[in-house]
Amino acid sequence: MDKEIDAKNISQAVISRLPRYFRYLGELKDSNVERISSQELSEMMKVTASQIRQDFNNFGGFGQQGYGYRVNYLYDEIGKILGLNKTHHLIIVGAGNLGQALANYMNFERRGFHFKGIFDSNEQLHGKKIRDMYVQPMENLESFVKDNDIDIAVLTIPKTSAVAVAEELVGYGVKAFWNFAHVDLNVPKEIVVESVHLSDSLLKLSYNINRKENEDEE
């Protein structure tokens, strides 16, 4: 991108929409669509055209009036904003059902996220092969993180142990966490944390179902 972006002034609401833009543009790219207008994108995504233009203007704007957006270019530029032009090395801590499901999801690697190892405190899981990795004991964490340049840890462990494990991993050099444990991590402010609470999403769904039912009754 030609213009310097002041990331501090970009709202979380805008940032939260970027992955969705990226996904839709990827589908357009795969369909060999070369150009799209904000109005056409609006109809696909159910977001107003003015909102789309405002969002993109946060990053300098990517289109021309009456000309629309070049799909490949916009896809690549949003990918750069999302940091997808870089490679990240991840470990998973917690080899239960969720941890195994994440390890087996191949699409992450297409985005530059490479799982290097998976760990668990349960001795019965040690040595279990998950895709091309073997579950390792927690005692191997320090040497593995340092030897494999791990920058992201995925936590799929109970909240009772997540805080202590996160603090341990920060000490080993991990810079970011994808946190599925239902607890806030006690890490320095320079450490990036993205927490995912699956039950929160389900409760949001329940709320919207309830609201829709109430509207239908009125």
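Figure the gain on full extension for R23 and N85 (residue separation times 0.36 nm, minus the Cα-Cα span) and round it to one decimal in nm.
Details: separation 62, 0.36 × 62 = 22.32 nm, distance 1.54 nm.
Length gained between R23 and N85: 20.8 nm.
P(r) for the range 78-212, from all Cα pairs and a bin width of 10 Å, is 12, 41, 34, 11, 3, 0 %, short bins first. Measure out, as a whole number of angstrom, how far apart the alpha-carbon centroids of the range 141-191 and the range 55-116 sit. Cα centroid to Cα centroid, the span is 21 Å. If the segment from K189 to E139 were pulled out straight at 0.36 nm per residue, it would be longer than the present Cα-Cα gap by 15.4 nm.
With the cut-off at 1.5 for a/c, could you classify the range 98-157 from its C-alpha gyration tensor as rounded, prolate or oblate? The partial results should precede the final answer.
Details: a/c = 1.88, a/b = 1.21, b/c = 1.55.
Judged from the Cα gyration tensor, the range 98-157 comes out oblate (a/c at least 1.5, b/c at or above a/b).
Between the amide H of S195 and those of N179, distances stay under 5 Å, these residues lying 5 or more places away or on another chain, with hydrogens modeled in the peptide plane.
Of all the accessible heavy-atom surface of the chain, with the other protein chains kept in place and a 1.4 Å probe, what percent is carbon and sulfur?
On the way: 6340 of 13590 Å².
Carbon and sulfur atoms account for 47 percent of the accessible area of the chain.
Using only the Cα atoms of the range 1-130, build the gyration tensor, take square roots of its eigenvalues as a ≥ b ≥ c, and label the shape rounded, prolate or oblate: rounded if a/c is under 1.5, else prolate if a/b is larger than b/c, else oblate. Here the range 1-130 falls in the prolate category.
Can you classify the range 42-116 as rounded, prolate or oblate using the Cα gyration tensor, where a ≥ b ≥ c are the square roots of its eigenvalues, rounded means a/c under 1.5, and otherwise it's prolate if a/b beats b/c and oblate if not? The shape class here is prolate.
Calculated accessible area for the range 89-142 comes out at 54 Å² per residue, all protein chains present (probe 1.4 Å; ligands, DNA, RNA ignored). With R₀ fixed at 25 Å, the C-beta to C-beta distance from Q51 to S199 puts the FRET efficiency at about 0.30. Counted residue by residue at 0.36 nm each, then reduced by the alpha carbon distance between them, the extension gain from D147 to N208 reaches 17.3 nm.
Secondary structure note: in the chain, about 20% of the DSSP beta bridges are antiparallel.
Taken along the Cα-to-beta-carbon direction at a fixed 7 Å, the label points for Y172 and S37 span 5.4 nm.
The values are calculated or read from the model by the stated rules, or taken from the named source; none is laboratory data. Because the structure is predicted, anything quoted here is derived from the model rather than measured. Note that each Cβ is placed from the backbone with ideal geometry, even for glycine, and that neighbours are counted across all protein chains shown. Protein only, heavy atoms only, side chains kept; ligands, DNA and RNA dropped before computing areas. Shrake-Rupley method; radii C 1.70, N 1.55, O 1.52, S 1.80 Å.
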